[in-house]
Amino acid sequence: MSTNLLGSPFLLKNVLTTSPYNNNKLSIFTIKACLHSSRTKTPNPNKSQIDDHVYNYTKYCTPNFPDHVSQTPISEKELKNTKNGGILDDFEKEGVLDLWFKMQDEARFDVEQEPILENYYKNSILVQDCMESALAYHLSLKLSNSSLPSYALFELFMGVFIEDQELIFDVTDDLRAVKERDPACVSYVHCFLNFKGFLACQAHRIAHRLWSKGRKIVSLVIQNRVCEVFAVDIHPGAKIGSGILLDHATGVVIGETAVIGNNVSILHNVTLGGTGKVCGDRHPKIGDGVLIGAGTCVLGNVRIEDGAKIGAGSVVLMEVPARTTAVGNPARLIGGKENPIKLDKIPSLTMDHTSHMSDWSDYVI
């Protein structure tokens, strides 16, 4: 069977497989190219065509891992449909497929420029059937170790994507956020494969879904592996919106009861933590459009309102009003508490860290 899957139309078909290492059934979708190979032979009217399709998926279309073992297909009676009929329903109008195809084009271009990366791009992007499987594959390789095999993580991650079909919207929003706000990001595929802030955020999204379903042990294991691999520590209980940029991301710590809104930009060494003396709801609440500079600590159950900006190195212990700038240790509002200067643009989108600095300090070199 040809391995050239680029540009092939997607077939919205779900397949269940079982693993000898996991008793839970996992839904995995196939693509038209996989099913085509099973239809090239004359069909046997006495044999289930579904079983042939499942067999050809497990034989040809499951990503290859160094530690992968064969999987046993199950019968047609065990097949279950995902909600809305298929994982790709409504995705095209949201631009997910367009972005995925663009990433594949970028991957081909990169391979032309650097042939040494051919296998890397091929396995990570070019032979993958969709963005979900590519992300599950890439994260599973990144987070696996000798006792946590990549194929097991892949199945776990794909199960989350299939159960929560809207998760991919958050992934694409994050991709666009990085590309638009970070001048160091040269392409979508560059971010997808190499930006650890993006990868850590997507791993957290998966862990959070598992946490919300009561699978706390495995979600904590994912948190630990993300911390070890990416140096980003996000508790799986934290709630994070879409359009998130974790720029550089090294040293970012986000506590269990933290809440982060949409279109937020956070730089490295930022802590959204507790004060150390409160139980229960004890972590910050970050509104939409907030920019948090490098080395900042926001401690306690305090709110940073929509469109606010926190200067680098600040320590925030109290609420920051919307569209204001807080700087310092302890942080103070630029313009004063009674009449703070209001920002006229969304700071997380402009990524402007130094505006109104002269209103706060006469520091010069």
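The values are calculated or read from the model by the stated rules, or taken from the named source; none is laboratory data. Model, not experiment: these values are computed from the prediction. We place every Cβ from the backbone using ideal geometry, glycine too, and count neighbours over all the protein chains shown. Ligands, DNA and RNA are stripped out before the accessible areas are found, and what is left, the full protein with its side chains, is counted by its heavy atoms. Shrake-Rupley method; radii C 1.70, N 1.55, O 1.52, S 1.80 Å.
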Q) How much FRET efficiency would the formula 1/(1 + (r/R0)^6) give for residue 345 and residue 228, where r is the Cβ-Cβ distance and R0 is 45 Å, rounded to 0.05? A) 0.75
Q | Across 102/179; 216/239; 285/345; 239/309; 102/345; 122/142, pairs whose alpha-carbon gap is larger than 18 Å | A | 285/345; 239/309; 102/345
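Express in nm, to one decimal, how much length is gained between residue 278 and residue 337 on full extension, taking 0.36 nm for each residue of separation and deducting their alpha carbon distance. List each step's numbers first, then the result.
On the way: separation 59, 0.36 × 59 = 21.24 nm, distance 2.65 nm.
Length difference between fully extended and current span is 18.6 nm.
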Q. Between the stretch 208-230 and the stretch 261-309, what's the alpha-carbon centroid distance in Å?
A. 21 Å
Q.
Please report the antiparallel percentage of the DSSP beta bridges confined to the stretch 256-365, to the nearest 5.
A. 10 percent
**Q.** Carbon/sulfur fraction of accessible area - the stretch 181-267, other protein chains in place, 1.4 Å, %
**A.** 55 percent
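Need one number for the stretch 223-263: average projected area of the convex hull over its C-alpha atoms, nm².
Working: hull surface 11.0 nm².
Computed as one quarter of the Cα hull surface, the answer is 2.7 nm².
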